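A.B. asks: The structure that follows is given in the form of structure tokens.
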Amino acid sequence: MTIATDVLYLKSYINGEWVEAENTVEVINPANQEVIATAPRMSKEQTEEAIRAARVAFDEGEWKNTTAKDRSNILNAIANKLEERLEEFATLETQDNGKLYAEAEADVQDAIACFRYYAGIILHPDGETYHVPDNNVQAMVVKEPVGVAGLIVPWNFPLLMSVWKIAPALAAGNTIVYKPAEVTPVTAFKLFEILHELNLPKGVVNMVFGQGSIIGQTISESNDVDMVSFTGSTDVGRGIMRAAAGNLKKISLELGGKSPNIVFADADLEVAVDYGLFGIFLGAGQVCSSGSRILVQDTIYDEYVKRYVERAAKIKVGPGLDPETNMGAIVSEAQMNSILGYIEKGKAEGATLKTGGYRLTENGLDKGFFIAPTVFTDVTPDMTIVREEIFGPVVTIQKFSTEEEAVRLANDTDFGLAGGVFSNDGAKALRVIKQVRAGITWVNDYHPTYVEAPWGGYKQSGIGRSLGKYSLEEFQEVKQINIRLNVEPVGWFPQ
Ligand code: NAD
């Protein structure tokens, strides 16, 4: 293991102060295992301190007196500072996560757009008035912040997943206790440098580095936290739901997926192959909405597979900062081993491995965690590689003959995050996509995501929606106010 020349020494941020811990953990670049940073492993007590700070800041501090315009200005200021440092953030994200620089750059641009979107939408008129059956009562609704929001995020889009939560949470007027993923803490720290410069009232924004089982668990269980917004695996999400039951805190869960990408014989084959590759190999398959199950109509199946495998084998895997690279590293050794384990299971259960299926070690890649783009065919619906989320560059290609069969196979999963349909028959494409039980879907397209539109899953892919007005609403309570216009005694009881 080598150490990068300028190692960053990260600190947590509690009640307006940078805080260290007794223990630290090394953060490595998965492309070459260089140590790029050390991050503190905070304790349960320090997490409780952060929660207390957020509680006091919400209940007693000046934050509640801020106007929507004040908070809008803060979000725009964050966006501007992020924009000035775009290259720095994108480079650090690439080094920390292993993704391509171009992907990291797009993530930072999306993060900037997200801050600006919530800076705008919080100024829109909201609330409602009601026509109740009493002309002497004016009934109306106002939106208020939920309170202390716990934000727990994964490692695959370290900055972007954080901003999807931080921007609407602050726009709505909550205070936050935020926990980045332990393997990818660097851009979280950098984002908090920006928040620190903006001099928000103490305790409004808190960040606690460390282990999920300690920090995440403490946040999820705490009676002082009013809501938890979590993005991560379905298993951890289930645990958070249980932990949140103590004080019945509000929960929002963005979980895993095993999304179908359906290709009909009347699709433009080149387009369908191209998006089929993009759907799974972007981010080396470590994307929750990846199209990891491609379903192809039988009459074009052989041709699709031939073209797909040829192109998958040509994808150049390497360090994200190398401009020649098409697909980056796997985030950690543990994740790489988990993916390789799934590949072995696929082979053992009888699937045909068409390309890839191994760790790449040549041309200097032995120092990092790289897996060749992997394609399996001859799979059956009961195989582990068809049922479980692998979260790596591994795709299965299944065959179907009728529209009904395509829909049945697409929905034959516990997940319901995303899905795509490729067809030049517009009515059929719409008919099929409407039957796919998933929250994020595309027709003749795969992956693009817009901050304006809601993001989230059906079934075991989650509860609630990120982005758009939906996310703002998740970070708000709805209050009914009834105002009597004729102020006189109710007269129900005798005088
Ligand atoms: P993970 O569930 O292991 O961890 C996510 C976060 O939860 C991390 O910060 C982790 O430290 C924390 N955590 C772990 N144990 C915890 C506990 N007991 N209590 C509270 N918090 C705990 O997920 P990951 O491996 O970081 O990310 C990959 C997963 O995230 C995949 O399943 C992927 O599909 C999912 N994901 C979903 C979306 C979406 O929008 N639906 C987006 C990105 C990633």
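The values are calculated or read from the model by the stated rules, or taken from the named source; none is laboratory data. The shown structure was predicted, so the numbers you read here are calculated from the model rather than taken from an experiment. Cβ sites come from the backbone with ideal geometry, for glycine too, and all protein chains shown count toward neighbours. Only protein heavy atoms, including side chains, enter the accessible area calculation; ligands, DNA and RNA are left aside. Shrake-Rupley method; radii C 1.70, N 1.55, O 1.52, S 1.80 Å.
A.B. asks: Report the per residue volume, in Å³, of the convex hull enclosing the C-alpha atoms of the stretch 232-311. Could you put the intermediate results ahead of the total?
C.D. replies: On the way: hull volume 8.6 nm³, N = 80.
Cα convex hull per residue, to the nearest whole number: 107 Å³.
A.B. asks: How large is log10 I(q)/I(0) at q = 0.13 Å⁻¹ when the Debye formula is applied to the Cα atoms of the chain, each weighted equally and without solvent?
C.D. replies: -1.22
A.B. asks: Suppose all protein chains stay in the model; what accessible area per residue would a 1.4 Å probe give for the stretch 125-175, in Å²?
C.D. replies: Values: 1810 Å² over 51 residues.
Averaged over the residues of the stretch 125-175, the accessible area is 36 Å².
A.B. asks: Would you list H124, H196, H131 from the most to the least accessible area, probe 1.4 Å? Before the final figure, lay out the partial values.
C.D. replies: On the way: H124 115, H196 70, H131 185 Å².
So, going from the largest accessible area down, we get H131, H124, H196.
A.B. asks: If I take the Cα coordinates of the stretch 17-175 and project them onto the principal axes, what are the three extents in Å, biggest first?
C.D. replies: That gives 71, 38, 24 Å along the principal axes, largest extent first.
A.B. asks: Hey, any idea what % of the stretch 260-443's accessible area is carbon plus sulfur with a 1.4 Å probe?
C.D. replies: Details: 3490 of 7400 Å².
The nonpolar share, carbon plus sulfur, comes to 47 percent.
A.B. asks: I want to check the label-to-label distance for D414 and L198. Put each point 7 Å from Cα in the C-beta direction and report it in nm to one decimal.
C.D. replies: Taking the simple label geometry, D414 and L198 are separated by 3.9 nm.
A.B. asks: Residues in the stretch 436-460 near a label at E388, defined as backbone nitrogen under 19 Å from the 7 Å Cα→Cβ point?
C.D. replies: It comes to 460, nothing else.
A.B. asks: Still on this structure, please answer the following. 5 Å is the cut-off here: which amide hydrogens, built 1.01 Å from N in the peptide plane, fall below it relative to M42, excluding neighbours closer than 5 in sequence?
C.D. replies: Residues meeting the amide H criterion: F209, G210, Q211.
A.B. asks: Could you name the aspartates and glutamates in cross-link range of K249, using Cα to Cα under 18 Å and dropping any fewer than eight places away on the same chain?
C.D. replies: Candidates past the 8-residue exclusion: E48, D59, E144, E221, D224, D226, E473, E474, E477.
A.B. asks: I need the calculated FRET efficiency for the pair S401 and E26, taking r as the beta carbon distance and R₀ as 56 Å, to the nearest 0.05.
C.D. replies: Numbers: r = 53 Å, r/R0 = 0.94.
Efficiency, from the Cβ-Cβ distance: 0.60.
A.B. asks: Out of the DSSP beta bridges found with both residues in the chain, what percent are antiparallel (nearest 5)? Working shown, then result.
C.D. replies: Values: 31 of 71 bridges.
In the chain, approximately 45 percent of DSSP beta bridges are antiparallel ones.
A.B. asks: Continuing with the same structure: Computed FRET efficiency, Cβ-Cβ of E303 and N73, R0 56 Å: what is it to the nearest 0.05?
C.D. replies: So the FRET efficiency works out to roughly 0.50.
A.B. asks: Where does the charge balance sit around A245 when Lys and Arg score +1, Asp and Glu -1, over other residues with C-beta under 13 Å from its C-beta? Please list the in-between numbers first.
C.D. replies: Working: positive: R238, R242, K249, K250; negative: E221.
Here the count lands on +3.
A.B. asks: Another one. In 10 Å bins starting at 0, how do the alpha-carbon pair distances of the stretch 56-131 split up by percent?
C.D. replies: Spelled out bin by bin, the stretch 56-131 gives 18, 32, 26, 18, 4, 1 percent.
A.B. asks: Antiparallel versus total DSSP beta bridges in the stretch 260-443: what percent is that, nearest 5? Write out the running numbers ahead of the final one.
C.D. replies: Working: 4 of 24 bridges.
Just about 15 percent of them are antiparallel.
A.B. asks: What's the whole-number percent of alpha carbon pairs in the stretch 377-495 lying beyond 26 angstrom?
C.D. replies: Working: 2882 of 7021 pairs.
Cα-Cα pairs of the stretch 377-495 separated by over 26 Å account for 41 percent.
A.B. asks: On a straight-distance basis, which lysines could pair with K11 in a cross-link, Cα separation under 23 angstrom, same-chain partners fewer than 8 positions away excluded?
C.D. replies: K44, K81, K165, K179, K190, K202
A.B. asks: For K434, go through the lysines and keep the ones whose alpha-carbon is under 27 Å away, minus same-chain ones fewer than eight residues off.
C.D. replies: Correct list for K434: K258, K399, K459, K469.
A.B. asks: Which residues does the label zone of D266 cover in the stretch 420-448, counting backbone N under 15 Å from a point 7 Å along Cα→Cβ?
C.D. replies: Counting only backbone N, you get 421-433, 444.
A.B. asks: Express the Stokes-Einstein translational diffusion coefficient of the stretch 260-443 in µm² s⁻¹, to the nearest whole number, given a Kirkwood radius over alpha-carbon pairs, 37 °C and a viscosity of 0.692 mPa s. Let's see the in-between values first.
C.D. replies: Numbers: Rh = 16.5 Å.
The diffusion coefficient I find is 199 µm²/s.
A.B. asks: Can I ask one more? For the chain, what does -39500 (n - 2.57) per DSSP helix run (n ≥ 4), summed and divided by total residues, give at 222 nm, in deg cm²/dmol to the nearest 500?
C.D. replies: Numbers: 15 runs with 183 residues, N = 495.
Roughly -11500 deg cm²/dmol at 222 nm, from the helical runs in the chain.
A.B. asks: For the stretch 120-264, taking Cα atoms only, what is the radius of gyration to one decimal and the Dmax to the nearest whole Å?
C.D. replies: Computed over the Cα atoms of the stretch 120-264, radius of gyration and Dmax are 18.2, 60 Å.
A.B. asks: Next question, about the same structure. Per residue, how large is the accessible surface of the stretch 271-314? Use a 1.4 angstrom probe and give square angstrom. Spell out each step's value before the answer.
C.D. replies: Numbers: 1540 Å² over 44 residues.
Computed with neighbouring chains in place, this is 35 Å² per residue.
A.B. asks: With r defined as the distance between the Cβ atoms of Y358 and Y130 and R0 fixed at 60 Å, what FRET efficiency is calculated, to the nearest 0.05?
C.D. replies: According to the calculation, E is roughly 0.40.
A.B. asks: Looking at the chain, which longest stretch skips every one of the chymotrypsin sites (Phe, Trp or Tyr not before Pro) that is in a DSSP loop with at most 15 other Cβ atoms within 10 Å, leaving the sites themselves out?
C.D. replies: Details: sites that count: Y358, Y450, W492.
Counting only loop sites that pass the neighbour cut-off, the longest clear stretch is 1-357.
A.B. asks: I've got another one for you. Any idea how far apart R85 and K64 come out in nm if each label point goes 7 Å out from Cα toward Cβ?
C.D. replies: According to this spin-label approximation, the distance is 3.2 nm.
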